[in-house]
Amino acid sequence: MAARIVPVEPFDFIVLGGTGDLARRKLLPALYHRMRDAQIPDDARIIAAARSSLTRKAYQTQAMEALKEFVPDFDKDIAARFVKCIDYVRVDAESGDGFSELKKKVEKDPRPIRAVYLAVGPSFFAPISEQLKKAGVLTSKTRLVVEKPIGHDLESAKELNARLAKVIAERNIYRIDHYLGKETVQNLMALRFGNALFEPLWNRYHIDHVQITVAESVGVEGRGGYYDKSGALRDMVQNHILQLICLTAMEPPSHFDPNAVREEKLKVLRSLEPLRNGSLGDVVIRGQYRGGKAESGYLEDAALEESSTETFVAMKVEVANWRWSGTPFYLRTGKKLRARMSEIAVVFKDTPHSIFDEDAGSVRQNVLAMRLQPDEGITLSMNIKDPGPGGMRLTSAPLDMTFAESLGRDDLRLPDAYERLVMDVIRGDQTLFMSGDEVEAAWTWVDPIIETWAANTDAPHPYDAGGSGPEEALALMHRDGRRWRDIE
Ligand code: NAD
């Protein structure tokens, strides 16, 4: 069975920040793959714009280099066809230079669809959008893609949303969270709402707790300046992890369409029990990695004398509504942990009673584990009889729903999240993008935690680079008679 590919209409895809890391590492490879799979027509145009003075030819050479570096199955003929679609314009967001040139380029033989991707630092989101509007590049039909971070607190997020609202309608703003483009994350929705099996169990009566882990094995090398102003709560929890909670906890939307899905996600964000002041100490743990013999610590990696920025957060969160009341959601994310691993694990309650005697072994809780990276896939751990003549012995075995094997497609390459999301922009489908209201609701919940930390002189708990996070994070679970899943 071959993957179904529906070609899109010709488009103009303008990448502001075309020489940057995101464009080189993610956007150009994503578009290349979509062209390789014949989803993008040859008369599509990619117009890169950035501050460097480059000719079209020189940028095409840079794009070719980026593809060689970041496309594992690079094919030079396809790449040569791909770079022919690329043009380049020099723009400067501060002086406004180059935007009229950009307008001339897009207006000359415009394609039916126009999208603008802001792959620039967050301080440029509003000024560049305003320059684009002034120059006439943003029309009432242009789609504008905005990267994270959307603000660094509620006030700044509101201000950015308000400035964007002055130049473009909300229905044309695509606030990207690349976690939502992952195959497994969308499969979570297919699994929940496309099967009769799970939904009756998806509530406080049958689910013991949910664990969400986003663990990175790398530190902050080279990004210390940015990271120290952000920290794990702003960098990971406010956006990616809260979005994962939303998709896990939301009510079934009436339709799989942008408004219905985003409305349900928003209700989850608004149901999160506020965490502030006195309630924080036990249920929100912040940590910072320290070095060891072989590993450098955060201060060294970020070239700082001292810092109270958290590189790790673990927390117990309550979704305070009828479906989830009393079922904790445990979240953790951190840098320089034992392995790179992101997953959502839904842990079901114990069976009410075991009919098996002790020799059979214990009946373990069923766990539905949705793994986002690496090795995307979904497993449901089940208790089964250990095969063979040894009498009734129980063993836990995973029902593996790893996509390529179950679909009989051994050669299936799961598309990178950016491939899907960029194509969704071209198709005009906002389902997997965050609304302005969602971003503001997320900050409304996160801000009091940041404020409590700011008023508190306690340092983050140290943890060893290459470990599983601070002891206090383990204790957070132990106190409730539960344990974190291994980071592996
Ligand atoms: P970068 O610093 O590598 O690139 C910035 C780009 O902006 C360059 O092309 C530069 O020429 C352009 N630029 C800078 N100042 C300009 C000006 N005055 N006028 C016009 N252009 C200007 O940054 P990046 O890592 O590509 O990140 C871009 C955005 O994407 C950021 O908001 C970042 O948080 C977000 N992001 C990046 C990644 C990633 O993998 N790099 C992942 C997720 C989100």
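Where a number appears in this text, it was derived from the coordinates with a stated rule and is not lab data. Please read these numbers as outputs of a predicted model, since none were measured by experiment. Positions of Cβ are backbone-derived with ideal geometry, glycine not excepted, and every protein chain shown enters the neighbour counts.
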Its Cα gyration tensor gives the chain an equivalent ellipsoid whose semi-axes in whole Å, largest first, are 40, 27, 22
Based on the Cβ-Cβ distance from D359 to D37, what FRET efficiency comes out when R0 is 56 Å, to the nearest 0.05?
0.55
Treating only the Cβ of Lys, Arg, Asp and Glu as charged (+1, +1, -1, -1), what charge dipole size does the chain show about its Cα centre? Round to the nearest 20 debye.
1420
Show me, for segment 325-333, the HN-Hα J-couplings you get by feeding each phi into the Karplus relation (A = 6.51, B = -1.76, C = 1.60, θ = phi - 60°), rounded to Hz, glycine and proline as x.
3, x, 9, x, 10, 9, 10, 8, 8
Treating only the Cβ of Lys, Arg, Asp and Glu as charged (+1, +1, -1, -1), what charge dipole size does segment 335-480 show about its Cα centre? Round to the nearest 20 debye.
380
Under the helix-only model (-39500 (n - 2.57) for each DSSP H run of 4 or more, divided by the residues of the chain), the mean residue ellipticity at 222 nm, to 500 deg cm²/dmol, is -9500 deg cm²/dmol
Sort E199, E376 so that the residue with the fewest other Cβ atoms within 10 Å of its own Cβ comes first and the one with the most comes last.
E199, E376
Dipole-positive endmost among A475, G18, L421 within the chain (Cβ charges, Cα centre)
G18
What Kirkwood Rh does segment 11-147 have if only Cα atoms enter the pairwise 1/r average? Answer in Å.
14.9
Kindly list the residues of segment 151-174 that lie in the label zone of R111, defined by a backbone N under 18 Å from the point 7 Å along the Cα-to-C-beta vector.
174
Simple label model, 7 Å out from Cα along Cβ direction - A169 to E69, nm
4.0
Can you compute the label reach from M392? Point 7 Å from Cα along the Cβ direction, backbone N cut-off under 12 Å, restricted to segment 331-375.
354-361
Exposure proxy check on T184, T379, T351, T55: fewest-to-most Cβ neighbours within 10 Å is T55, T351, T379, T184
Using the Cα centre as the reference, give the magnitude of the dipole from point charges on the C-beta atoms of segment 11-147 (Lys, Arg: +1; Asp, Glu: -1; all else neutral), rounded to the nearest 20 debye.
260
At R0 = 30 Å the Cβ-Cβ FRET efficiency linking A339 and S123, nearest 0.05, sits at 0.35
Under the definition of Cα pairs under 8 Å and six or more residues apart, what whole-number percent is the relative contact order of the chain?
18
Could you calculate the FRET efficiency of E159 with K293 from 1/(1 + (r/R0)^6), where r is the beta carbon distance between them and R0 is 51 Å, rounded to 0.05?
0.65
Could you tell me which of L138, G98, Y88 has its Cα farthest along the dipole of segment 11-147 towards the positive end, charges placed at Cβ (Lys, Arg +1; Asp, Glu -1), taken about the Cα centre?
L138
With 0.36 nm assigned to each residue of separation and the Cα-Cα distance removed, E451 to S53 gains 139.0 nm
Once you place label points 7 Å from the Cα toward the Cβ at D257 and F198, how far apart are they in nm?
2.4
Measure off 7 Å from each Cα along the Cα-to-Cβ vector at K134 and K267, then give the distance between these two points in nanometres to one decimal.
4.4
